[in-house]
Amino acid sequence: MSEILAKAFSVLFPVIDPLAMTDDVRRFLDSGGRSLLFGETAEEYKSGRMSAQRLRVETLEKWQSFVAESQSLAGPLILAADADISAVHRLHGVAPDLPQPEAAREMSARELEEICFHMALGVGEAGVNLLLSPTADVVTGPNVWLAGRTLADEVDKAAEMVGAYVRGVRRAGLASTLKHFPGHPELSRQPAVEEAFLTQTMEQLRGGWQVFESGIAAGADAVMMGPGIVQALDTPVAASLSAELINVLRGELGFNGLVMTIDLDHRSVQRNAPLEEVAITALNAGADLLLLSPRALPRAAEIARAIVLAVATGRLPAQRLEAAARAVAGVR
């Protein structure tokens, strides 16, 4: 396999479920894949808790066995999972619980940091090294996507909680992810299945960036770009495909870590474009790690080959792919 093809695989970030070494996962790792995200069912995502059946099957020993097998195939990896206070805690039942949102909001920053520290120690024992949390969005109005799934309704409180979460996780030796830049204060459609537009001005969106800045100052390792189509941009596109917003994140907010997309096949992100074209657009925009839903994992090789062809034909600068691959390698 060519070095450039391996780099193309290394910037792909597939969601896998269940916790099992399938043929698709094995091929991905054998081909140069360096990141996996452990997913959950739709019902688990909705409830925030893992099913009784999953808890019986996915023991600490099974997690550790899967991680060891994955690393034997591919070496050091990004192994990621959600661990949200107001949404999904993927290792619920394996790692220590997180507090209920109402209780978390009443805690001091130090108390919350300590709880997040102990949770992250348990997650790390299972072999996961990157948390796709905390959520830094602040909801200010109707939001069919994030209602009830954020930390606080007040920017100051959300910023305090995000900082505490990141510090606790970092102290435990794990990496964390702020999501979903530039924030989604209101959203009238579900971005996974509909074209969902952010109608706020850029100044209105900036009103929530204190939360992201708090997480960046605390040492967050990654930022996930959101799915909302941002109307304030000169050319409205999903945040995950926006060079303008990624440049703002890096320049105005001073973030120098890993930038990842949300699922590329979300309707608001992909719209009517072929998936491989969306991947190339995201890389050109400055994203480093491209999230693929379980539906898209079987197409990983096709997407990787398209990335290689884009480099060969000059549609994607080789240095951009190399920079993305370095950013991925730097998180492990």
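No value in this document is a laboratory result; all are computed from the given coordinates. Here the structure is a predicted model, which means the values were calculated and not measured. As a convention, Cβ positions derive from the backbone with ideal geometry for all residues, glycine included, and neighbour counts pool all protein chains shown.
One table, with the values for the structure above:
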{"quantity": "Label-point gap, in nm, between residue 108 and residue 46 - each point 7 angstrom along Cα→Cβ", "calculated": "4.0 nm"}
{"quantity": "Charge dipole (debye, nearest 20) of the chain; +1 at Cβ of Lys and Arg, -1 at Cβ of Asp and Glu", "calculated": "660 debye"}
{"quantity": "Karplus 3J(HN,Hα) series, Hz, for the stretch 60-76 with 6.51 cos²θ - 1.76 cosθ + 1.60 (x for Gly, Pro)", "calculated": "4, 5, 5, 4, 5, 5, 5, 4, 4, 5, 4, 5, 5, 7, 10, x, x"}
{"quantity": "In nm, spacing of pseudo-spin labels at residue 272 and residue 301 (7 Å Cα→C-beta vector)", "calculated": "3.1 nm"}
{"quantity": "Mean residue ellipticity (222 nm) of the chain, computed from DSSP H runs ≥ 4 via -39,500 (n - 2.57), nearest 500", "calculated": "-13000 deg cm²/dmol"}
{"quantity": "Dipole moment magnitude, nearest 20 debye, the stretch 187-241 about Cα centre, only Lys, Arg, Asp, Glu C-beta charged", "calculated": "80 debye"}
{"quantity": "Part-to-part distance (alpha-carbon centres) for the stretch 191-259 and the stretch 62-93, which is given in Å", "calculated": "26 Å"}
{"quantity": "Residue-by-residue Karplus 3J(HN,Hα) for the stretch 298-314, coefficients 6.51, -1.76, 1.60, Hz, glycine and proline x", "calculated": "x, 9, 4, 5, 4, 5, 4, 5, 5, 5, 4, 5, 4, 5, 4, 9, x"}
{"quantity": "Of all DSSP beta bridges in the chain, antiparallel share, percent nearest 5", "calculated": "5 percent"}
{"quantity": "Value of relative contact order over the stretch 3-329, rounded to a whole percent, pairs C-alpha under 8 Å and six or more apart", "calculated": "17 percent"}
